[in-house]
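Input: a single structure, listed below in structure tokens.
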Amino acid sequence: MDLKEAIKKVSARKPKDNYMVVTFGYEMKLVIPHKDGLAFIAALSAAEQMEDPYQGKHRINYLDRSKISVALMSGHEYDQYKIAAILDITVPEVKEMMLQDS
């Protein structure tokens, strides 16, 4: 599959929406449509953190909000990540290919 085919495959979906990237700690990043991300963040305002160790004491504590961060992602940037996955290349490589193709 080449760049144009990958762009066509990704662009075949509905008009570009913006996204929200919610990062938990260092390992997990969720990509959510922006409007759903707002609802998710609103739900987190009442969330608490459960400690459920295999052995040890179980607790429900306050949520350490310093381990959660939120960033915006444009629809165009989202497409670049999807194209990179389809072509099995990096996002910077996609950007370079798009610059050369235009």
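All of the numbers you see were taken from the coordinates with simple rules; none came from a lab. What you see is a predicted model, and the numbers here were worked out from it, not measured in a lab. Don't worry about glycine lacking a Cβ; one is built from the backbone with ideal geometry, like all the others, and counts go over all protein chains shown.
Strands (runs of 3 or more DSSP E) fully within the stretch 13-102 that include at least 3 residues being out of contact with any Leu (no Cβ under 9 Å at 6 or more places or on another chain), without any contact (Cβ under 8 Å) to a residue 24 or more places away in the chain and over 30 Å from L3 (Cα atoms): 59-62. Within the stretch 15-65, the set of residues being touching a Gly at 6+ places or on another chain (Cβ under 8 Å) and of a type in the set (S, T, Y) comprises Y19 only.
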